[in-house]
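**Q** Below you will find the structure I want to go over with you.
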């Protein structure tokens, strides 16, 4: 579908109000411009609705599960009703637990700590480090990068067929790549896992802000995501899914809140009875503001309607991809090809440019915030770069020198206005055609404007 036909679609929604939409930043060339936040894949701005809900609650902030006072009781009710709201957002099954954590990384490390003895983990090399690295105490099988969704399923099926059928196994997979934005065949991978007696956890950090996520429909055993990518940047995350492994594992953190009763023994030690609910892995004073922010974001996205949000994002993706396709020097990175469905995350390299230099120029000369680097997915980005590596000097001087091993990532979402992506495309074309207007130097390994 072309950009013009999507734009004509009445189901395309308007951008949701977010904080920072009117912030202006200085340009090295003089003057100021409204900041174009195009790094949603790292941290999305807070929805105005989330900020307003948190601000309204803040005067009533109190301890959770620990006080008889009115504010404590109110905060406890808010915390537990937020758990219900998240479960509804994820379409959890009866009996599933919603555990509040600090982030996706924290959620997956919690699950890694709860794996049964002898568990074998299967994970594609294409995963974000949050999904790739937590399984240090398990037997891990790393799967090669697939080049089609079907190949991903076939690769997993072959690997599972060779495993010990009597031992526990877990598959970990992303819902949407934080590098390419491409959607993974989660439902099919879940079916393959279950057919071979394995369980599956979905890293939905990049999926949940863009598409509805149904634990029931996808038939995943667990799902993990972060608030700061879901327009709720207050330091909370979620691990939701089956209760048995979590209930049988040692508490992720030992402390108050996780324990039901503690008693001294005659020999001087202590006996502890741990909770069997989600509280078992939520020791310490809960981040009620962070949890409430996530619940608020879940409600706001649901009420806005994912159909309209998805349609608008496809429109923005089309604008960016069509614009970049007009620049021969730009190479967009992809695993599954141009026609693969994706969220608003696009990574690319520019021939003759150091990625840090290009990103610095976008910021300093156009007021556009993107990310450059390997995006905490080093194996995947290096696989995708392959022969696209190019010798460029420091800060992009095309006279040889260091090898450009990084990429540039532009990402957007429910709060992104048309003007931001239009300015980005225009800036890419101008930088490639005319070069940077300012001099840059390398400082601590990054390109920065030379103000000396």
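**Q** Search the stretch 130-139 for residues being crowded, with 17+ Cβ neighbours inside 10 Å and in contact with a strand residue (DSSP E or B) (Cβ under 7 Å, 6 or more places away or on another chain), and hand back the single one that is modelled with the lowest pLDDT.
**A** Only one residue tops the list, namely 138.
**Q** Kindly list the number of the only condition in (1) farther than 30 Å from residue 30 by Cβ; (2) part of a helix (DSSP H, G or I); (3) within 21 Å of the chain's Cα centre (by Cα); (4) modelled with pLDDT of 95 or more that fails for residue 359.
**A** Condition not satisfied by residue 359: (1).
**Q** Quick one: residue 260 ticks every box in (1) more than 26 Å from residue 380 (Cα to Cα); (2) buried (at least 16 other Cβ atoms within 10 Å of the Cβ); (3) in contact with a helix residue (DSSP H, G or I) (Cβ under 9 Å, 6 or more places away or on another chain) except a single one, so which number is it?
**A** Every listed condition holds for residue 260 apart from (2).
**Q** Go over the candidates 240, 283, 263 one by one and state the one that is without any contact (Cβ under 8 Å) to a residue 24 or more places away in the chain, outside any helix (DSSP H, G or I) and either in the same structural domain as residue 57 (by TED's automatic domain parsing) or under 22 Å from residue 111 (Cα atoms) (or both).
**A** Of 240, 283, 263, the one residue that is without any contact (Cβ under 8 Å) to a residue 24 or more places away in the chain, outside any helix (DSSP H, G or I) and either in the same structural domain as residue 57 (by TED's automatic domain parsing) or under 22 Å from residue 111 (Cα atoms) (or both) is 263.
**Q** Okay, next question. Do the conditions hold for residue 99, that is, is it outside the structural domain of residue 414 (by TED's automatic domain parsing), outside any helix (DSSP H, G or I) and touching a strand residue (DSSP E or B) at 6+ places or on another chain (Cβ under 6 Å)?
**A** Judged against the criteria, residue 99 is a match.
**Q** Going by the conditions given, is residue 82 buried (at least 20 other Cβ atoms within 10 Å of the Cβ), closer than 19 Å to residue 231 by Cβ and in contact (Cβ under 8 Å) with a residue 12 or more places away in the chain?
**A** Taking the combined requirement at face value, the residue satisfies it.
**Q** Hey, any hits in the stretch 386-394 for a residue that's at pLDDT 95 or above, surrounded by fewer than 24 Cβ atoms within 10 Å (Cβ to Cβ) and out of contact with any strand residue (DSSP E or B) (no Cβ under 8 Å at 6 or more places or on another chain)?
**A** no
The values are calculated or read from the model by the stated rules, or taken from the named source; none is laboratory data. It should be emphasised that the depicted structure is a prediction, and the values quoted were computed from it without experimental measurement. Note: ideal-geometry Cβ built from the backbone for every residue, glycine included; neighbour counts use all protein chains shown.
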